[in-house]
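In what follows, a single structure is set out as C-alpha cells and then discussed.
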Amino acid sequence: KSGVNVNETGAGVFGFTAFAEQWNGRMAMLGLVAAVAQELRTGQGVIKQLGLSDSQGYVLVFVMLGFSLFASLGYITVKKGEQMDAAMGKDNRGENF
C-alpha cells in the first residue's frame, strides 16, 4: 500500500482510486479534443481565445509547467522515500515527519 493514497482501501469513487483516476483521464482527453476542435473552428489558439496577450500566455504556460514539475518532483521524492523505507524494513505509514 502506498503512503500517498488517501483512500487506502481503493474502494469508492473519491481519492486516488482506479475509478477516479480513470474518469480524470477521460475528462482530460475530452478537454484536449474540445480545445483542438475549437482551435480548428476559430483559427485561434486557446491562449488567444482566453483573451490573453502573447506575454501573458507565456507566463501562464510557464506557471503550469512549473506546477507540473514541482508536483512530479514531490511524487518522486515520496516514492523514493517509500522505497528506501521498504528496503530498510521500516513501516512509516501514518507518521508525519
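No lab work stands behind these numbers, since they all come straight from the coordinates. Remember, predicted model here, so these are calculated numbers, not experimental data. Quick reminder, even Gly has a Cβ in these numbers, built from the backbone with ideal geometry, and neighbours come from all protein chains shown.
Given R₀ = 25 Å, what would the calculated FRET efficiency be for residue 48 paired with residue 23, taking r from the Cβ atoms and rounding to 0.05?
Details: r = 30 Å, r/R0 = 1.19.
Taking R0 as 25 Å, the efficiency between residue 48 and residue 23 is 0.25.
So what are the ³J(HN,Hα) numbers for the range 52-69, from phi and the Karplus equation (6.51, -1.76, 1.60; θ = phi - 60°), rounded to whole Hz, Gly and Pro as x?
Residue by residue, the range 52-69 yields 8, 6, 4, 5, 5, x, 5, 5, 4, 5, 4, 5, 5, 5, x, 4, 4, 4 Hz.
If you wrap a convex hull around the alpha carbons of the range 22-72, what volume per residue comes out, as a whole number of Å³?
So the per-residue Cα hull volume is 75 Å³.
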